[in-house]
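For reference, the structure is listed below as C-alpha coordinates.
The values are calculated or read from the model by the stated rules, or taken from the named source; none is laboratory data. Source: prediction; values computed, not measured. No Cβ is skipped: glycine too gets one built from the backbone with ideal geometry, and neighbour counts run over all protein chains shown.
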Amino acid sequence: MAENFSNFMGGSPLNRLSWLRTSQTFLNAAIVAHATRWILFNNGQPLIATHAVSKKRTLALLPTDDVSPLLGTEPYFGQGQYAGEAYPSGASVLEAARLHGPRIVFLGLKEPNPFTAALPSSDFIDPQTAIANLQGTLFFSVDIAGIQECLVNEVIQASTSTNSHISLAFVEPRSAMTSLDIVTAAIFAEARSMVDWNGRNKFCPACGSPTYSIWAGWKLSCTSLLPWADDTGKEPCPSSRGMQNFSHPRTDPVVIMVVIDESDEKVLLGRNKKFPLKYYSALAGFVEPGESYEDAVRREMWEEAGIRVWNIRYHSGQPWPFPANLMLGFYATADPSAPIRLDLDNELEDARWYTRQEVLSVLTDTSHSDSTKIGEPLFKMPPPTAIAGVLIKQWAEGDARLGYANKGNL
Ligand SMILES: [Zn+2]
(Lines give C-alpha, C1' and ligand atoms only; values in the text may rest on other atoms or scores of the structure.)
Protein backbone atom coordinates (compact mmCIF):
# COMPACT_ATOMS: atom_id res chain seq x y z
CA MET A 1 0.00 0.00 0.00
CA ALA A 2 1.56 3.30 -1.11
CA GLU A 3 1.99 6.19 1.29
CA ASN A 4 0.34 9.46 0.34
CA PHE A 5 2.51 12.47 -0.25
CA SER A 6 3.26 14.59 2.80
CA ASN A 7 4.11 18.24 2.27
CA PHE A 8 6.16 20.40 4.64
CA MET A 9 3.97 21.29 7.66
CA GLY A 10 1.71 18.31 6.92
CA GLY A 11 2.11 14.73 8.15
CA SER A 12 1.79 15.69 11.81
CA PRO A 13 3.29 13.09 14.13
CA LEU A 14 0.94 14.05 16.98
CA ASN A 15 -1.75 11.81 18.39
CA ARG A 16 -4.13 14.67 19.15
CA LEU A 17 -6.14 12.70 21.74
CA SER A 18 -9.09 14.90 20.78
CA TRP A 19 -11.52 12.83 22.82
CA LEU A 20 -9.71 14.02 25.96
CA ARG A 21 -10.05 17.75 25.23
CA THR A 22 -13.17 17.89 27.37
CA SER A 23 -11.47 16.25 30.34
CA GLN A 24 -10.11 18.84 32.72
CA THR A 25 -8.89 16.00 34.93
CA PHE A 26 -6.66 14.70 32.15
CA LEU A 27 -5.52 18.14 31.01
CA ASN A 28 -4.56 19.39 34.48
CA ALA A 29 -2.50 16.23 35.02
CA ALA A 30 -1.00 16.48 31.51
CA ILE A 31 0.23 20.05 32.03
CA VAL A 32 2.32 19.16 35.05
CA ALA A 33 3.70 15.91 33.57
CA HIS A 34 7.50 15.84 33.48
CA ALA A 35 7.75 15.28 29.72
CA THR A 36 5.32 18.05 28.73
CA ARG A 37 6.66 20.77 26.43
CA TRP A 38 5.37 24.20 25.40
CA ILE A 39 5.47 26.15 22.16
CA LEU A 40 5.26 29.86 22.91
CA PHE A 41 4.04 32.59 20.58
CA ASN A 42 3.98 36.36 20.90
CA ASN A 43 1.33 37.82 18.59
CA GLY A 44 1.74 34.82 16.29
CA GLN A 45 5.55 34.90 16.33
CA PRO A 46 7.04 31.62 17.58
CA LEU A 47 9.77 31.44 20.23
CA ILE A 48 12.83 30.19 18.38
CA ALA A 49 16.01 28.76 19.90
CA THR A 50 19.24 29.67 18.11
CA HIS A 51 22.42 27.77 18.82
CA ALA A 52 25.28 30.16 19.68
CA VAL A 53 27.92 28.38 17.57
CA SER A 54 26.13 26.66 14.70
CA LYS A 55 23.41 29.39 14.44
CA LYS A 56 20.99 26.54 13.76
CA ARG A 57 17.41 27.54 14.58
CA THR A 58 14.77 25.28 16.09
CA LEU A 59 11.40 25.74 17.74
CA ALA A 60 11.95 26.35 21.48
CA LEU A 61 10.23 23.61 23.47
CA LEU A 62 10.03 24.69 27.10
CA PRO A 63 9.08 22.52 30.09
CA THR A 64 6.08 23.46 32.22
CA ASP A 65 8.30 24.48 35.16
CA ASP A 66 9.76 27.26 32.99
CA VAL A 67 6.44 28.41 31.55
CA SER A 68 4.19 28.18 34.64
CA PRO A 69 4.65 31.85 35.77
CA LEU A 70 2.87 32.83 32.52
CA LEU A 71 -0.13 30.55 32.95
CA GLY A 72 -1.96 32.13 35.90
CA THR A 73 -3.37 30.28 38.87
CA GLU A 74 -4.36 26.63 39.04
CA PRO A 75 -6.53 24.88 38.09
CA TYR A 76 -5.44 25.52 34.52
CA PHE A 77 -8.57 23.90 33.11
CA GLY A 78 -12.04 23.58 34.61
CA GLN A 79 -11.96 27.08 36.05
CA GLY A 80 -14.85 28.70 37.89
CA GLN A 81 -16.07 32.27 38.22
CA TYR A 82 -13.04 33.50 40.16
CA ALA A 83 -9.33 32.90 39.53
CA GLY A 84 -8.12 29.91 41.54
CA GLU A 85 -11.63 28.45 41.79
CA ALA A 86 -12.37 25.06 40.23
CA TYR A 87 -15.72 24.34 38.62
CA PRO A 88 -16.78 20.69 38.92
CA SER A 89 -16.92 18.85 35.62
CA GLY A 90 -20.38 18.09 34.28
CA ALA A 91 -21.63 21.40 32.87
CA SER A 92 -21.11 21.28 29.08
CA VAL A 93 -20.49 25.04 28.83
CA LEU A 94 -17.59 24.66 31.26
CA GLU A 95 -15.86 21.53 29.94
CA ALA A 96 -12.14 22.17 30.46
CA ALA A 97 -12.97 25.88 30.60
CA ARG A 98 -10.36 28.63 30.90
CA LEU A 99 -11.77 31.95 32.00
CA HIS A 100 -8.63 33.39 33.61
CA GLY A 101 -5.13 33.68 32.20
CA PRO A 102 -3.99 33.26 28.59
CA ARG A 103 -5.80 30.73 26.42
CA ILE A 104 -3.98 27.42 26.33
CA VAL A 105 -4.19 24.89 23.49
CA PHE A 106 -3.53 21.19 23.99
CA LEU A 107 -1.85 20.01 20.79
CA GLY A 108 -1.39 16.28 21.37
CA LEU A 109 1.06 13.54 22.20
CA LYS A 110 4.20 12.76 20.21
CA GLU A 111 4.85 9.10 20.71
CA PRO A 112 8.10 7.22 20.14
CA ASN A 113 6.34 4.95 17.66
CA PRO A 114 3.54 6.67 15.67
CA PHE A 115 2.35 3.32 14.33
CA THR A 116 1.31 2.08 17.77
CA ALA A 117 -0.60 5.14 18.94
CA ALA A 118 -2.07 5.15 22.43
CA LEU A 119 -5.84 5.07 22.83
CA PRO A 120 -6.39 6.03 26.44
CA SER A 121 -10.00 5.84 27.55
CA SER A 122 -11.77 9.05 28.52
CA ASP A 123 -13.05 7.20 31.62
CA PHE A 124 -10.44 8.26 34.13
CA ILE A 125 -10.32 6.85 37.57
CA ASP A 126 -6.75 7.91 38.16
CA PRO A 127 -5.39 10.56 35.74
CA GLN A 128 -1.83 10.27 37.07
CA THR A 129 -1.72 6.60 36.12
CA ALA A 130 -3.27 7.38 32.73
CA ILE A 131 -0.60 10.03 32.07
CA ALA A 132 2.16 7.72 33.29
CA ASN A 133 0.98 5.09 30.82
CA LEU A 134 1.41 7.47 27.88
CA GLN A 135 4.75 7.24 26.13
CA GLY A 136 6.31 10.33 24.60
CA THR A 137 5.89 14.10 24.87
CA LEU A 138 2.67 16.01 25.48
CA PHE A 139 2.56 19.37 23.71
CA PHE A 140 0.75 22.56 24.68
CA SER A 141 0.85 26.03 23.16
CA VAL A 142 0.08 29.54 24.37
CA ASP A 143 0.36 33.08 23.01
CA ILE A 144 1.78 35.44 25.61
CA ALA A 145 0.80 38.67 23.83
CA GLY A 146 -1.41 39.85 26.72
CA ILE A 147 1.12 39.14 29.47
CA GLN A 148 3.43 41.75 31.02
CA GLU A 149 6.65 41.97 29.01
CA CYS A 150 8.90 41.94 32.09
CA LEU A 151 7.35 38.65 33.24
CA VAL A 152 7.89 37.10 29.80
CA ASN A 153 11.51 38.31 29.77
CA GLU A 154 12.09 36.79 33.21
CA VAL A 155 10.76 33.43 32.01
CA ILE A 156 12.94 33.49 28.88
CA GLN A 157 16.05 34.49 30.85
CA ALA A 158 15.44 31.77 33.43
CA SER A 159 14.93 29.23 30.67
CA THR A 160 18.24 30.07 28.97
CA SER A 161 20.23 30.31 32.22
CA THR A 162 20.75 26.55 32.28
CA ASN A 163 21.92 26.43 28.66
CA SER A 164 24.34 29.15 27.59
CA HIS A 165 24.64 27.69 24.07
CA ILE A 166 21.08 28.70 23.22
CA SER A 167 19.46 32.10 22.79
CA LEU A 168 15.68 32.51 22.65
CA ALA A 169 13.72 35.09 20.68
CA PHE A 170 10.30 35.54 19.10
CA VAL A 171 10.79 35.46 15.32
CA GLU A 172 8.70 36.37 12.28
CA PRO A 173 6.88 33.10 11.57
CA ARG A 174 7.45 32.70 7.81
CA SER A 175 11.22 33.06 8.14
CA ALA A 176 11.22 30.89 11.27
CA MET A 177 9.37 28.00 9.68
CA THR A 178 11.88 27.40 6.92
CA SER A 179 14.53 26.43 9.47
CA LEU A 180 12.35 23.78 11.09
CA ASP A 181 12.64 20.05 10.49
CA ILE A 182 9.57 18.35 9.00
CA VAL A 183 8.32 16.91 12.30
CA THR A 184 8.59 20.18 14.21
CA ALA A 185 7.13 22.11 11.27
CA ALA A 186 3.95 20.02 11.43
CA ILE A 187 3.54 20.70 15.16
CA PHE A 188 4.24 24.39 14.52
CA ALA A 189 1.47 24.50 11.88
CA GLU A 190 -1.15 23.18 14.30
CA ALA A 191 0.04 25.41 17.14
CA ARG A 192 0.17 28.62 15.11
CA SER A 193 -3.29 28.26 13.56
CA MET A 194 -4.79 27.44 16.95
CA VAL A 195 -3.24 30.26 18.99
CA ASP A 196 -4.08 32.69 16.19
CA TRP A 197 -7.73 31.63 16.19
CA ASN A 198 -7.94 31.88 19.98
CA GLY A 199 -6.27 35.29 19.92
CA ARG A 200 -8.52 36.82 17.28
CA ASN A 201 -11.92 35.64 18.47
CA LYS A 202 -12.51 37.60 21.65
CA PHE A 203 -16.22 38.25 21.11
CA CYS A 204 -19.21 36.06 20.31
CA PRO A 205 -20.25 36.60 16.66
CA ALA A 206 -23.88 35.85 17.59
CA CYS A 207 -24.39 38.40 20.40
CA GLY A 208 -21.17 40.35 20.93
CA SER A 209 -20.48 39.14 24.49
CA PRO A 210 -16.87 38.21 25.36
CA THR A 211 -15.91 34.61 24.63
CA TYR A 212 -13.96 32.15 26.76
CA SER A 213 -12.05 28.99 25.96
CA ILE A 214 -13.30 25.44 26.52
CA TRP A 215 -12.17 22.00 25.28
CA ALA A 216 -8.45 22.72 25.84
CA GLY A 217 -8.54 25.68 23.47
CA TRP A 218 -10.48 23.88 20.70
CA LYS A 219 -13.84 25.58 21.24
CA LEU A 220 -15.01 29.03 22.24
CA SER A 221 -18.15 29.70 24.20
CA CYS A 222 -20.17 32.84 24.92
CA THR A 223 -19.94 34.33 28.42
CA SER A 224 -23.69 34.99 28.34
CA LEU A 225 -24.10 31.21 28.73
CA LEU A 226 -22.12 30.98 31.99
CA PRO A 227 -24.17 29.79 34.99
CA TRP A 228 -23.41 33.03 36.83
CA ALA A 229 -24.00 35.40 33.87
CA ASP A 230 -26.40 38.26 34.46
CA ASP A 231 -28.42 38.32 31.25
CA THR A 232 -31.19 40.54 32.56
CA GLY A 233 -32.93 42.31 29.70
CA LYS A 234 -30.87 40.50 27.02
CA GLU A 235 -32.14 38.20 24.31
CA PRO A 236 -30.73 34.68 24.76
CA CYS A 237 -27.55 34.26 22.66
CA PRO A 238 -28.33 32.32 19.44
CA SER A 239 -25.22 30.22 20.11
CA SER A 240 -27.10 28.53 22.96
CA ARG A 241 -29.25 26.68 20.43
CA GLY A 242 -28.38 24.05 17.82
CA MET A 243 -25.07 23.50 16.10
CA GLN A 244 -22.80 26.55 16.09
CA ASN A 245 -19.83 26.03 13.82
CA PHE A 246 -18.46 29.52 14.45
CA SER A 247 -17.30 28.43 17.87
CA HIS A 248 -14.89 25.87 16.38
CA PRO A 249 -11.48 26.61 14.82
CA ARG A 250 -11.42 27.65 11.17
CA THR A 251 -9.74 25.85 8.31
CA ASP A 252 -9.91 27.84 5.07
CA PRO A 253 -9.44 25.72 1.92
CA VAL A 254 -7.36 27.18 -0.91
CA VAL A 255 -6.98 25.45 -4.27
CA ILE A 256 -3.57 25.75 -5.92
CA MET A 257 -3.17 24.40 -9.42
CA VAL A 258 -0.44 23.62 -11.86
CA VAL A 259 -1.93 23.67 -15.35
CA ILE A 260 -0.23 21.70 -18.10
CA ASP A 261 -0.99 21.13 -21.79
CA GLU A 262 -2.27 17.92 -23.39
CA SER A 263 1.22 16.99 -24.59
CA ASP A 264 2.51 17.28 -21.00
CA GLU A 265 5.40 19.46 -22.13
CA LYS A 266 4.26 22.96 -21.07
CA VAL A 267 3.15 24.47 -17.77
CA LEU A 268 1.19 27.67 -17.11
CA LEU A 269 2.65 29.80 -14.31
CA GLY A 270 1.61 33.23 -13.09
CA ARG A 271 3.12 36.27 -11.45
CA ASN A 272 1.06 37.92 -8.76
CA LYS A 273 1.46 41.70 -8.52
CA LYS A 274 2.75 41.28 -4.96
CA PHE A 275 5.41 38.68 -5.83
CA PRO A 276 9.15 39.48 -5.65
CA LEU A 277 10.91 40.24 -8.94
CA LYS A 278 10.94 37.45 -11.58
CA TYR A 279 8.97 35.12 -9.29
CA TYR A 280 6.42 32.81 -10.99
CA SER A 281 4.22 30.22 -9.29
CA ALA A 282 1.08 28.14 -9.52
CA LEU A 283 -2.20 30.03 -9.52
CA ALA A 284 -4.29 29.79 -6.36
CA GLY A 285 -7.46 31.01 -4.69
CA PHE A 286 -9.86 30.44 -1.81
CA VAL A 287 -12.67 27.95 -2.23
CA GLU A 288 -15.95 29.86 -2.04
CA PRO A 289 -19.19 28.74 -0.35
CA GLY A 290 -21.23 26.46 -2.60
CA GLU A 291 -18.19 25.18 -4.53
CA SER A 292 -16.49 21.82 -4.84
CA TYR A 293 -12.70 21.90 -5.04
CA GLU A 294 -12.93 21.21 -8.77
CA ASP A 295 -15.39 24.11 -9.21
CA ALA A 296 -12.93 26.40 -7.43
CA VAL A 297 -10.03 25.27 -9.66
CA ARG A 298 -12.12 25.98 -12.79
CA ARG A 299 -13.36 29.36 -11.53
CA GLU A 300 -9.97 30.61 -10.34
CA MET A 301 -8.28 29.72 -13.63
CA TRP A 302 -11.07 31.47 -15.52
CA GLU A 303 -11.06 34.59 -13.33
CA GLU A 304 -7.28 35.01 -13.04
CA ALA A 305 -6.14 33.94 -16.51
CA GLY A 306 -9.27 33.57 -18.69
CA ILE A 307 -8.32 29.92 -19.19
CA ARG A 308 -10.68 26.92 -19.33
CA VAL A 309 -9.28 23.81 -17.62
CA TRP A 310 -10.32 20.14 -17.53
CA ASN A 311 -8.95 16.82 -16.27
CA ILE A 312 -8.53 18.17 -12.70
CA ARG A 313 -6.52 15.79 -10.47
CA TYR A 314 -5.81 16.15 -6.75
CA HIS A 315 -2.19 15.68 -5.66
CA SER A 316 -1.79 16.52 -1.96
CA GLY A 317 -2.57 19.06 0.78
CA GLN A 318 -0.48 21.41 2.88
CA PRO A 319 -1.50 23.12 6.12
CA TRP A 320 -0.50 26.79 5.82
CA PRO A 321 -0.91 28.45 9.23
CA PHE A 322 -1.01 32.09 8.04
CA PRO A 323 -3.45 32.01 9.64
CA ALA A 324 -5.56 28.94 8.90
CA ASN A 325 -5.29 27.88 5.26
CA LEU A 326 -5.32 24.36 3.90
CA MET A 327 -3.64 24.39 0.50
CA LEU A 328 -5.09 21.75 -1.84
CA GLY A 329 -2.77 20.97 -4.73
CA PHE A 330 -4.16 20.03 -8.15
CA TYR A 331 -3.00 19.40 -11.68
CA ALA A 332 -5.30 20.39 -14.54
CA THR A 333 -5.11 20.51 -18.32
CA ALA A 334 -5.60 23.50 -20.64
CA ASP A 335 -5.00 24.56 -24.25
CA PRO A 336 -1.81 26.68 -24.58
CA SER A 337 -3.08 28.23 -27.82
CA ALA A 338 -6.05 29.82 -26.00
CA PRO A 339 -5.52 33.53 -25.19
CA ILE A 340 -4.52 34.41 -21.63
CA ARG A 341 -6.55 37.21 -20.03
CA LEU A 342 -5.20 39.14 -17.04
CA ASP A 343 -7.77 41.94 -17.08
CA LEU A 344 -10.62 40.06 -15.39
CA ASP A 345 -9.85 40.09 -11.66
CA ASN A 346 -6.51 41.87 -12.15
CA GLU A 347 -4.68 39.75 -9.57
CA LEU A 348 -1.85 38.72 -11.88
CA GLU A 349 0.79 40.87 -13.48
CA ASP A 350 1.71 38.12 -15.94
CA ALA A 351 0.88 34.50 -16.78
CA ARG A 352 2.69 32.48 -19.39
CA TRP A 353 3.47 28.98 -20.58
CA TYR A 354 6.94 27.61 -19.82
CA THR A 355 8.37 24.45 -21.35
CA ARG A 356 9.51 21.53 -19.22
CA GLN A 357 13.09 22.30 -20.28
CA GLU A 358 12.81 25.90 -19.10
CA VAL A 359 11.47 24.80 -15.70
CA LEU A 360 14.20 22.15 -15.39
CA SER A 361 16.86 24.75 -16.13
CA VAL A 362 15.51 26.96 -13.32
CA LEU A 363 15.45 23.97 -10.95
CA THR A 364 19.03 23.06 -11.85
CA ASP A 365 20.15 26.63 -11.46
CA THR A 366 18.59 27.08 -7.99
CA SER A 367 19.98 23.75 -6.77
CA HIS A 368 23.56 24.98 -7.35
CA SER A 369 25.47 27.07 -4.86
CA ASP A 370 26.09 30.71 -5.75
CA SER A 371 29.68 30.02 -6.80
CA THR A 372 28.60 27.62 -9.55
CA LYS A 373 25.77 29.75 -10.95
CA ILE A 374 25.95 30.62 -14.63
CA GLY A 375 24.08 33.90 -14.91
CA GLU A 376 20.60 34.76 -13.68
CA PRO A 377 17.82 32.14 -13.88
CA LEU A 378 15.05 32.64 -16.45
CA PHE A 379 12.59 33.11 -13.58
CA LYS A 380 12.29 32.20 -9.88
CA MET A 381 10.11 29.50 -8.39
CA PRO A 382 8.68 28.71 -4.95
CA PRO A 383 10.87 26.52 -2.68
CA PRO A 384 9.99 22.86 -1.97
CA THR A 385 8.67 23.88 1.47
CA ALA A 386 5.66 25.36 -0.38
CA ILE A 387 3.24 23.01 -2.16
CA ALA A 388 3.48 25.08 -5.36
CA GLY A 389 7.20 24.30 -5.51
CA VAL A 390 6.48 20.59 -5.05
CA LEU A 391 3.78 20.50 -7.75
CA ILE A 392 5.94 22.30 -10.32
CA LYS A 393 9.09 20.30 -9.53
CA GLN A 394 7.33 16.94 -9.61
CA TRP A 395 5.72 17.72 -12.96
CA ALA A 396 9.02 18.92 -14.45
CA GLU A 397 10.87 15.83 -13.26
CA GLY A 398 8.13 13.55 -14.56
CA ASP A 399 6.94 12.42 -11.14
CA ALA A 400 3.55 14.09 -11.04
CA ARG A 401 1.57 10.90 -10.63
CA LEU A 402 -1.10 10.55 -7.99
CA GLY A 403 -0.34 8.72 -4.78
CA TYR A 404 3.36 9.51 -5.02
CA ALA A 405 5.06 7.61 -2.22
CA ASN A 406 7.09 9.62 0.23
CA LYS A 407 8.16 7.42 3.05
CA GLY A 408 10.71 8.80 5.43
CA ASN A 409 8.85 11.98 6.31
CA LEU A 410 8.02 10.62 9.73
ZN1 LIG B 1 -23.20 35.02 22.41
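Scanning region 105-116 for residues that are surrounded by 15 or more Cβ atoms within 10 Å (Cβ to Cβ), farther than 11 Å from W215 by Cβ and among the hydrophobic types (A, V, I, L, M, F, W, C) returns L107, L109.
Keeping to region 241-258, report how many residues are more than 26 Å from the chain's Cα centre (by Cα) and surrounded by 15 or more Cβ atoms within 10 Å (Cβ to Cβ). Qualifying residue count for the region: 0. If the condition is being closer than 15 Å to T184 by Cα and in a strand (DSSP E or B), then region 51-71 contributes R57, T58, L59, L62. If you filter region 1-45 down to residues that are in a helix (DSSP H, G or I) and of a type in the set (G, A, S), you find that the one that is nearest to the chain's Cα centre (by Cα) is S18. How many of the residues making up region 215-274 are within 14 Å of the ligand (Cβ to nearest atom) and in a strand (DSSP E or B)? Of the residues in that region, 4 qualify.
Go over the candidates S54, S68 one by one and state the one that is within 28 Å of P88 (Cβ to Cβ) and without any contact (Cβ under 8 Å) to a residue 24 or more places away in the chain.
Values: S54 fails: within 28 Å of P88 (Cβ to Cβ).
S68 is the lone residue from the list that is within 28 Å of P88 (Cβ to Cβ) and without any contact (Cβ under 8 Å) to a residue 24 or more places away in the chain.
Taken together, the criteria place P323 among residues that are within 29 Å of the chain's Cα centre (by Cα), under 30 Å from I182 (Cα atoms) and at pLDDT 95 or above.
Looking only at residues in region 73-89 that are surrounded by 18 or more Cβ atoms within 10 Å (Cβ to Cβ) and either outside the structural domain of A176 (by TED's automatic domain parsing) or out of contact with any helix residue (DSSP H, G or I) (no Cβ under 6 Å at 6 or more places or on another chain) (or both), which one is nearest to I156 (Cα to Cα)?
Restricting attention to region 73-89, the residues satisfying the condition of being surrounded by 18 or more Cβ atoms within 10 Å (Cβ to Cβ) are 75-80, 87.
Still in the running and either outside the structural domain of A176 (by TED's automatic domain parsing) or out of contact with any helix residue (DSSP H, G or I) (no Cβ under 6 Å at 6 or more places or on another chain) (or both): 79-80.
Details: Q79: 27, G80: 30 Å.
Only one residue fits best here, namely Q79.
Among the residues making up region 190-217, those that are small (G, A, S), buried (at least 24 other Cβ atoms within 10 Å of the Cβ) and touching a helix residue (DSSP H, G or I) at 6+ places or on another chain (Cβ under 9 Å) are A216, G217. The residues in region 96-122 that are part of a loop (DSSP other than H, G, I, E, B) and modelled with pLDDT of 85 or more can be counted, and the count is 9.
Suppose the filter is outside any helix (DSSP H, G or I), within 16 Å of the ligand (Cβ to nearest atom) and more than 25 Å from H248 (Cα to Cα); does G208 pass it? Working first, answer last.
Values: outside any helix (DSSP H, G or I): yes; within 16 Å of the ligand (Cβ to nearest atom): yes; more than 25 Å from H248 (Cα to Cα): no.
Against the criterion (outside any helix (DSSP H, G or I), within 16 Å of the ligand (Cβ to nearest atom) and more than 25 Å from H248 (Cα to Cα)), G208 does not qualify.
Residue count for region 72-95 under the criterion of being touching a Ser or Thr at 6+ places or on another chain (Cβ under 8 Å), assigned to a loop (DSSP other than H, G, I, E, B) and touching a residue at least 60 places away in the same chain (Cβ under 8 Å): the result is 2. Is it true that E304 is surrounded by fewer than 20 Cβ atoms within 10 Å (Cβ to Cβ), out of contact with any Pro (no Cβ under 6 Å at 6 or more places or on another chain) and acidic (D, E)? Here the answer is no, as E304 does not meet what is asked.
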